[in-house]
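The values are calculated or read from the model by the stated rules, or taken from the named source; none is laboratory data. Just so it is clear, the model here is predicted, and its values are computed rather than measured. FYI the Cβ positions are ideal-geometry reconstructions off the backbone, even for glycines, and counts take in every protein chain you see. With ligands, DNA and RNA removed, areas are computed over all heavy atoms of the protein, side chains included. Shrake-Rupley method; radii C 1.70, N 1.55, O 1.52, S 1.80 Å.
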Amino acid sequence: MDLKQNIRSIPDWPIKGVVFRDLTTLMQNPEAFRLSCDILYDRYKDKNLDKMVGIDARGFVFGAVVAYRLGIGFVPVRKKGKLPHKTIQQSYTLEYGEDTLEMHEDAVSPGEKVVIVDDLIATGGTVGATVKLVKQLGADLLECAFVVELPDLKGRDQIPDCPVFSITEFQGE
Ligand SMILES: O=P(O)(O)OC[C@H]1O[C@H](OP(=O)(O)OP(=O)(O)O)[C@H](O)[C@@H]1O
Ligand SMILES: Nc1ncnc2[nH]cnc12
């Protein structure tokens with residue numbers, strides 16, 4: 001199955017010049033959704049992870065499924081103002097704006113082995129902020145995983161010390 005064929009591309013959304021890669025079409029196809037989650041599960045099943053850290057909002061979809069299959073905890077990193085307990089925060093910029101991410105300060109303990117998951121890496125601003133949060137809490141970060149990478153935007157450069165795994169990519173298209 002070609003996962004890319006299940007991703008819808010929308011030109012000039014949410015702002016002119018951005019081609020938005022819409023994974024809702026992949027998620028609503030049961031085979032494509034299952035395959036995406038299974039690839040991540042297979043990659044981490046023997047890694048003795050403690051937690052999956054998912055990024056608001058579509059990282060929750062993939063991260064929660066993989067955490068469930070691995071039998072480990074899931075930690076949501078949320079946009080500002082959504083988490084009720086004490087948080088740590090990090091601001092960032094992305095292809096079409098800026099925002100702040102938060103994580104509960106007790107969501108991950110020092111030394112816990114984690115992977116960060118999101119649907120997509122573009123400029124790397126979002127995952128860059130998440131890596132800072134996870135490291136601030138002292139976690140042992142194995143790598144960051146994405147269903148889609150946009151290599152032209154050089155997102156990996158934002159997290160030079162952290163391995164990046166992506167299932168598919170859109171390059172020069
Ligand atoms: O690599 P970057 O340039 O930082 O962009 C990647 C982020 O952008 C999208 O989320 P978005 O901010 O649109 O939020 P949403 O998931 O809440 O819609 C995507 O799901 C990633 O989280
Ligand atoms: N081009 C894009 N498509 C989907 N999500 C994104 N987040 C940042 N850039 C994006």
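Miscellaneous remarks
- Probe 1.4 Å, protein heavy atoms only - accessible area per residue of the chain in square angstrom: 50 Å²
- For residue 125, the shell of other residues with beta-carbons less than 10 Å away shows a net charge of -3, using +1 for Lys and Arg and -1 for Asp and Glu.
- Helices in the chain that qualify as membrane-span-like (whole DSSP H runs, Cα extent of at least 18 Å along the helix axis, mean Kyte-Doolittle hydropathy of -1.0 or higher) are 30-44, 58-70.
- Whole-Å semi-axes of the chain's equivalent ellipsoid (Cα gyration tensor): 24, 20, 14
- Between residue 47 and residue 22, the simple label model (points 7 Å from Cα in the Cβ direction) yields a spacing of 3.1 nm.
- Fraction of antiparallel bridges per DSSP, the chain only, in percent to nearest 5: 40 percent
- Element breakdown for region 42-117 at a 1.4 angstrom probe: carbon and sulfur atoms account for 42% of the accessible area.
- Listed peptides 112-120, 62-70 by packing density, highest first (mean Cβ within 10 Å): 112-120, 62-70
- The alpha-carbon of residue 80 sits under 17 angstrom from the alpha-carbons of these lysines, leaving out residues fewer than 8 places away in its chain: 132.
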